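Beneath this line is the structure, given in structure tokens, with notes to follow.
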Amino acid sequence: MSEPETRRLQFGPRELVYTLKRSQRRTLGMTVDHRGLSVTIPLRATIAETEAFIRNNAAWVFEKLDEWAARGPKLEFEAEDGSVLPILGQPCTLRLVEGAARAQWVEGPFERELRLPLRPDVSPRVLLKRVLEHYALRYFGGRLDEYMHRLAADYPQIRRPRLALTSARTRWGSCSRATGIRLNWRLIHLDHALGDYVVAHEVAHLVEMNHSPRFWAVVELLYPDYKRVAAALREVARDMPEI
């Protein structure tokens, strides 16, 4: 994928600023979130084709942009004692603990806690991100194993790829035969059903490196309820903590 490029398009008195990215995908696609409009196009697509695509979908684009604007700015998460953040869709209370050697997850009868050690050499926010990334890698490693097991029933020749995490702002995951599967670590905040859909989606790319009907048939094989969950996934980004 190429480096993102900021471009502008005029609609009467209203200027539309969007991020343009080129990739190996075969079709044009767009997403709108709290950062604005992002358009991904095939490597050989022209700017004229891109602008025509945006204009054809302008009503949807401006509707979504206005919805995000109405929600107000996204606030940075404050890693303070007693702060609450979602882990796999459930609330988790952050506890800052003096004298602790390492982070500790505590499962109570009614709530979960993450006890984070106070350290003079690193801020609680930085340490929290490290702990969440470590947790995400272990958790999604297990979910990848599960979906590879499901895939093996119909595609036994496909081997488990390497798994790595990303901090991408506009993508939940990616798959490459060269580098394996990469998942956004922030998926750890979401309900497990949403994270499972992303894993299933990327595993399906091991069979079809495109978004053709054949690809979606593999997704449905792995995750029959994918259409409903995929729609829900598009609505949750704004409510995730900014860590």
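Checking each residue in segment 98-123 for being open to solvent by less than 50 Å² (accessible area, probe 1.4 Å) and either more than 19 Å from Tyr135 (Cβ to Cβ) or not in a loop (DSSP other than H, G, I, E, B) (or both) picks out Val106, Arg112, Glu113, Leu114, Leu116, Pro117, Val122.
Kindly evaluate Thr46 against the criterion of being without any contact (Cβ under 8 Å) to a residue 12 or more places away in the chain and among the β-branched types (Val, Ile, Thr).
On the way: without any contact (Cβ under 8 Å) to a residue 12 or more places away in the chain: yes; among the β-branched types (Val, Ile, Thr): yes.
Yes, satisfied.
Give me the residue from segment 163-180 that is of a type outside the set (A, V, I, L, M) and part of a loop (DSSP other than H, G, I, E, B) and, out of that set, surrounded by the most Cβ atoms within 10 Å (Cβ to Cβ). Within segment 163-180, the match that is surrounded by the most Cβ atoms within 10 Å (Cβ to Cβ) is Trp172.
Among the residues that make up segment 113-128, is at least one of them touching a residue at least 12 places away in the same chain (Cβ under 8 Å) and on the phi > 0 side of the Ramachandran plot? Within segment 113-128 (the criterion being touching a residue at least 12 places away in the same chain (Cβ under 8 Å) and on the phi > 0 side of the Ramachandran plot), the answer is no, since none of the residues qualifies. Of the helices (runs of 4 or more DSSP H) lying entirely inside segment 181-243, the ones with 1 or more residues being touching a strand residue (DSSP E or B) at 6+ places or on another chain (Cβ under 8 Å) are found at 192-204. The criterion of being under 23 Å from Trp216 (Cβ atoms), basic (Lys, Arg), in a helix (DSSP H, G or I) and open to solvent by 20 Å² or more (accessible area, probe 1.4 Å) does not hold for Arg130.
Residues in segment 112-159 that are more than 25 Å from Ile181 (Cα to Cα) and among the acidic types (Asp, Glu): Glu113, Asp121.
The values are calculated or read from the model by the stated rules, or taken from the named source; none is laboratory data. Only a predicted model underlies this, so the values are computations on that prediction, with no experimental measurement involved. Positions of Cβ are backbone-derived with ideal geometry, glycine not excepted, and every protein chain shown enters the neighbour counts. Calculation scope for accessible area: heavy atoms of the full protein, side chains included, ligands and nucleic acids excluded. Shrake-Rupley method; radii C 1.70, N 1.55, O 1.52, S 1.80 Å.
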